[in-house]
Amino acid sequence: MDGEDEHEDEREDARRARWTATGTGAVLTLAGLAASLLRLTGSAPALVPAAYALGAAVCALGALLGARGRTRRALWLLIAGVMVMAVGDQSD
């Protein structure tokens, strides 16, 4: 009985990790796209909205991988996507 509980806990942890990676990726993707559109309408150099859009695309890929259970890779892609957005914002 105790072994079954451990397996159930592991499944629940994996499910929670997938949902967290997918949800975080979706939120970061939407935030990056919104920032890209806002910067596109302003007087920022073309590199800034492109960096936000590229970072959003990387975060979308992370969300997709997270939904498929590749949560470690998804985490690193989310970090990379946010870093691309941050570097683009610093170039403004």
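Readers should treat all values here as calculations from the given coordinates under stated rules, not as data from a laboratory. Since the structure is predicted, the reported quantities are computational estimates derived from the model, not experimental observations. Cβ atoms come from the backbone with ideal geometry, glycine included; neighbour counts cover every protein chain shown.
Yes/no per residue for (1) surrounded by fewer than 17 Cβ atoms within 10 Å (Cβ to Cβ); (2) farther than 25 Å from Arg15 by Cα:
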| site | (1), (2) |
| --- | --- |
| Leu28 | no, no |
| Ala34 | yes, yes |
| Leu40 | yes, yes |
| Gly62 | no, no |
| Gly69 | yes, no |
| Trp76 | yes, no |
| Val87 | yes, yes |
| Asp92 | yes, yes |
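Of all the listed residues (Gly69, Gly62, Gly55), the sole one being assigned to a helix (DSSP H, G or I), in contact (Cβ under 8 Å) with a residue 40 or more places away in the chain and not charged (D, E, K, R) is Gly62. Among the criteria (1) touching a helix residue (DSSP H, G or I) at 6+ places or on another chain (Cβ under 9 Å); (2) in a helix (DSSP H, G or I), the one Asp92 does not fulfil is (2). For first residues located in segment 29-50 and touching a residue at least 12 places away in the same chain (Cβ under 8 Å), partners that are of a type in the set (A, V, I, L, M, F, W, C) and surrounded by fewer than 15 Cβ atoms within 10 Å (Cβ to Cβ) and lie 6+ apart or on another chain with Cβ distances below 8 Å form the pairs Pro49/Leu37; Pro49/Leu40. Looking only at segment 59-75, decide whether some residue is farther than 23 Å from Gln90 by Cα, of a type in the set (S, T, N, Q) and out of contact with any Pro (no Cβ under 9 Å at 6 or more places or on another chain). Yes: segment 59-75 contains one or more residues that are farther than 23 Å from Gln90 by Cα, of a type in the set (S, T, N, Q) and out of contact with any Pro (no Cβ under 9 Å at 6 or more places or on another chain). Residues that are hydrophobic (A, V, I, L, M, F, W, C) and part of a helix (DSSP H, G or I) within segment 1-35 comprise Ala14, Ala17, Trp19, Ala21, Ala26, Val27, Leu28, Leu30, Ala31, Leu33, Ala34, Ala35, listed in sequence order.
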